[in-house]
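First comes the structure, then the notes that go with it.
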Amino acid sequence: MHTVKSYVEGRWHEADSGFRPLVDPSTEEVIAQVSSHGIDFAAVLDHAHTEGCPSLAALTFAERGALLKGMSKVLRNHRDELLALSAQNTGTTTPDGSFDVDGASGTLFYYAGLATSMGDSNVLVEGDGSALARDDAFWSQHALVARRGAAVAINAFNFPIWGWAEKVACAVLAGMPVIIKPATSTALPAARSIERIVEADILPAGVLQMICGGTGDLLDRLGPQDVLAFTGSADTAAKLSDRDNLRQHNTRINIEADSLNAAVLAPDADGRTFDLFVKDVVREMTQKTGQKCTAVRRILVPTALLDRAREALVDRLGAVVPGNPADEATTMGPLANADQLDDTVRGTAELRAQAELVHGSGERVDGVGGDAGKGYFFGPTLLLANDSYDADVIHSREVFAPVATLLPYDGSADHAGALVAKGGGTLVTSTYTDDTDWLRGFLLAGGHSTGRLYVGSQEAKVLGSGVALPQSQHGGPGRAGGGEELGGMVGVKRYMQRVALQAHKGVVDSVLG
Ligand code: NAP
């Protein structure tokens, strides 16, 4: 049995007890085991503080960027191996797995480029500064320096590689060492990606550590300079951040959590804009078997367009083939684990209390290339709300699977905005319109409840609302966690301390160059 190891204090740690099995979700075969038993978590944190912090503090932004470029290259060089492990441990098809693996190397590469443009400095000057007196005699300038702590990066099961890479890219560029904790159920590709980076020997001591399995008392040890960067469910986020030491030290916490993202069809949408809506919604429901934080869960459609939209979506969803990614006919893999399947069946039944099934059975299905009764397969599922406004379950229950609900509305931007906001805060909202007056109305009515507004229109060359690109902020208000990741320097600043430098302007200019 393969045992997934942790990488701590500059060496590999293999546990001897407390194992949890890792399973191939297409076959239910046990493929590896994971445990963090025996790790000295105080020593892990100390290693990051005493080795990682000074190593990174001594490097300029450009030099830190070279580390990111090196990691990006390693992931690219081992792409095929990582895709194969993703298929085996997470059930992803090659295109879905590449969303994770290529997304990771692309994000690291983007931040490497940004670092190069920041040059030979390790202080980030923010804005132009302000005069505090009539002349230059007293001046205020904001500047950011690296926090002298460790970033603990806890990730969800659905992005085992991109999940750590997007946090590492920002933290390392900022100057903070990172302790990664991948989700246990899909730890195999995550751990192999780190193994390849360690083998390449490109990082200074203490910059990167990885805990596979539980985190022991690590979180209880975090202090004022550390950062807890969490991605996962809102329930786990609430549990993890409810700690005396985190409150006492005001430890910085960045949470990326659940999101009932909405796709909104505007009343004017026609031609290519309407087609884009159908194509995007089906992709954002079924890519990675709906196990994306940015997946579409609610589909708002004007009542006048409901029949047309429903028929087009059902037609396209009917072409999706669930199955083992090893079978060429498969277009959508299984759910990642047994708990996911149980929760999906339970969640779909809960949604059906307020909606009718339009497509799908609401039950597990057999997948192509799989044995009868084996594998965590669940077909794409579309529901139609009985009442769009009085639908608390549909606006609050995240079913982390290829499941979404149609919500008819009256076509007004105000009504659409109010319905989207009932989700309590989302990562992304996609709209499909060529009417910029309607769009402006929607921005004002619903923009406050989402972190990103994606617009499909006749001329737009869009990539899909589910792609968290490093140039744009990833994170949303309220239920989505209130976090801010990526977005160029937005995400980097979460790992830095802003200092307001107040002095004669000549002194400020001389210190900050
Ligand atoms: P989860 O059950 O909340 O777990 C997330 C992470 O927290 C895992 O690494 C898990 O480790 C860890 N964890 C749980 N309890 C812990 C504890 N007591 N101490 C330390 N770590 C602990 O979420 P999931 O099932 O992996 O992922 C699905 C959820 O993530 C969905 O709700 C989805 O919306 C959300 N998500 C959000 C984003 C975003 O960017 N907003 C992205 C992806 C996913 P173990 O695996 O060892 O339990």
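The values are calculated or read from the model by the stated rules, or taken from the named source; none is laboratory data. This structure is a prediction, so every number in the text was calculated from the model and none was measured. Neighbour counts are summed over all protein chains in view; Cβ atoms, including those assigned to glycine, are modelled from backbone coordinates with ideal geometry.
Looking only at residues that are more than 26 Å from LEU335 (Cβ to Cβ) and of a type in the set (D, E, K, R) in the stretch 89-130, which one is surrounded by the fewest Cβ atoms within 10 Å (Cβ to Cβ)? Checked the stretch 89-130; the qualifying residue surrounded by the fewest Cβ atoms within 10 Å (Cβ to Cβ) is ASP128. Is it the case that ASN254 is within 13 Å of the ligand (Cβ to nearest atom), buried (at least 24 other Cβ atoms within 10 Å of the Cβ) and among the polar types (S, T, N, Q)? Answer is no for this residue. Within the stretch 242-251, at least one residue is surrounded by fewer than 24 Cβ atoms within 10 Å (Cβ to Cβ), of a type in the set (Lys, Arg) and assigned to a loop (DSSP other than H, G, I, E, B). Whenever a residue of the stretch 116-128 is farther than 15 Å from VAL145 by Cα, its partners that are of a type in the set (A, V, I, L, M, F, W, C) and buried (at least 16 other Cβ atoms within 10 Å of the Cβ), lying with C-beta atoms within less than 6 angstrom and at least six residues away or across chains, give the pairs THR116/ALA62.
Test ASP275 against the criterion of being free of Cβ contacts under 8 Å to residues at least 60 places away in the same chain, within 13 Å of the ligand (Cβ to nearest atom) and not in a loop (DSSP other than H, G, I, E, B), and give yes or no. Answer is no for this residue. Of everything in the stretch 3-34 that is among the aromatic types (Phe, Trp, Tyr) and either buried (at least 19 other Cβ atoms within 10 Å of the Cβ) or under 20 Å from ASN89 (Cα atoms) (or both), the residue that is nearest to the ligand (Cβ to nearest atom) is PHE19. Hey, could you check the stretch 467-504 for residues that are in contact (Cβ under 8 Å) with a residue 24 or more places away in the chain and in a helix (DSSP H, G or I) and say which is nearest to the ligand (Cβ to nearest atom)? The residue in question is ALA480.
Here is a yes/no grid of residues against (1) touching a strand residue (DSSP E or B) at 6+ places or on another chain (Cβ under 9 Å); (2) within 29 Å of LEU218 (Cβ to Cβ):
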position	(1), (2)
ILE31	yes, yes
GLU63	no, yes
LEU83	no, no
SER105	no, yes
GLY113	no, no
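The single condition from (1) surrounded by fewer than 19 Cβ atoms within 10 Å (Cβ to Cβ); (2) free of Cβ contacts under 8 Å to residues at least 24 places away in the same chain that LEU83 fails is (1).
When LEU305, LEU384, LEU357, LEU341 are screened for being outside any loop (DSSP other than H, G, I, E, B), more than 16 Å from the ligand (Cβ to nearest atom) and surrounded by 19 or more Cβ atoms within 10 Å (Cβ to Cβ), only LEU305 passes.
Where strands (runs of 3 or more DSSP E) sit wholly within the stretch 101-214, those with at least 2 residues that are within 16 Å of the ligand (Cβ to nearest atom) occupy 151-154, 178-181, 208-210. Per the listing ASP217, ASP235, ASP242, the residue uniquely in contact (Cβ under 8 Å) with a residue 24 or more places away in the chain, over 23 Å from ILE299 (Cβ atoms) and either within 16 Å of the ligand (Cβ to nearest atom) or in contact with an Asp or Glu (Cβ under 7 Å, 6 or more places away or on another chain) (or both) is ASP217. For TYR495, the conditions (1) crowded, with 21+ Cβ neighbours inside 10 Å; (2) more than 30 Å from TRP139 (Cβ to Cβ) are fulfilled apart from (2).
The residue that is farthest from the chain's Cα centre (by Cα), counting only those in the stretch 131-152 that are among the hydrophobic types (A, V, I, L, M, F, W, C) and crowded, with 16+ Cβ neighbours inside 10 Å, is TRP139. Here ASP437 meets each of (1) in a loop (DSSP other than H, G, I, E, B); (2) of a type in the set (D, E, K, R); (3) modelled with pLDDT of 95 or more; (4) surrounded by fewer than 20 Cβ atoms within 10 Å (Cβ to Cβ) with one exception, condition (1).
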